[in-house]
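Just below is one structure, and these are the notes that go with it.
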Amino acid sequence: MRRQHDATAEGAAAAQQASGRRSALWDIAETLLLALILFIAIRGVVLNYRVDGSSMEPTLHNGEMLIVNRRAYMHVRLAPLVGWIPGVDVDEDAVWYPFGPPKRGDIVVFQPPGNSAEPYVKRIIALPGEHVAIRNGAVYINGQRLIEPYLSEPTLWRGMTLDHEYVVEPGHVFVMGDNRNNSSDSRVFGAVPLASIVGKAWVTYWPPDEVQVLSTPAYAFQ
């Protein structure tokens, strides 16, 4: 009887150990699944971006790492939402930006025109419908001189001192680098479609001594 009791106890202990192992494996699987879901959700909102080159100096430096908000310019077309309501007349192209539309001074990561596999990072200088001119080393928006406190040198157009003008198409923005005369930007390839913007640069996180929140400057005109 004693041997039978011992065998029964050993069997129960083995079953309990097996159950414990299954429970531990299930806990690990749940943790990994939750981590995967969180990773996918976070990557849907933010991504990291490495600055390549000096076109945004002195604001951003080569090799710095950025966190980019992919949902900063999330928008909804209004026509399908409210166009069916009697008496409501909405333009087919009207959109609503819950977190605000792109603004002058925002630093954005975007897919440039052409065959470049790598996104660019530049600053929005002019908005849809605005008239951009470069005269005497300064940027003019709709005839008013834009004061840009982050610049350290006059602005040229494609490396030339000639005066040039540009009207930004609807649904586009005009971008330039802060290192104004060492930047391939809208002066070269034209305005950037809003659909090509990957996201708004939010913060630099590497190297540690360069950590900063990338705020949008308050501009003045003359």
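The values are calculated or read from the model by the stated rules, or taken from the named source; none is laboratory data. Predicted, not measured: the structure shown is a model, and the values here were computed from it. FYI the Cβ positions are ideal-geometry reconstructions off the backbone, even for glycines, and counts take in every protein chain you see.
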Among the residues of the stretch 40-57 satisfying the criterion of being surrounded by fewer than 16 Cβ atoms within 10 Å (Cβ to Cβ) and not in a strand (DSSP E or B), which is modelled with the lowest pLDDT?
A41
Out of A195, A191, A220, report the one residue that is touching a Phe, Trp or Tyr at 6+ places or on another chain (Cβ under 7 Å) and in contact (Cβ under 8 Å) with a residue 24 or more places away in the chain.
A191
Subset of the stretch 96-118, residues more than 17 Å from G190 (Cβ to Cβ) and not aliphatic (A, V, I, L, M), comes to W96, Y97, P98, F99, G100, P101, K103, R104, G105, D106, E118
Any hit, the stretch 128-140, residues being under 20 Å from the mean Cα position of the chain (by Cα) and either at pLDDT 90 or above or at positive phi (or both)
yes
Quick count over the stretch 58-70, residues being under 15 Å from V203 (Cβ atoms) and part of a loop (DSSP other than H, G, I, E, B), is 5
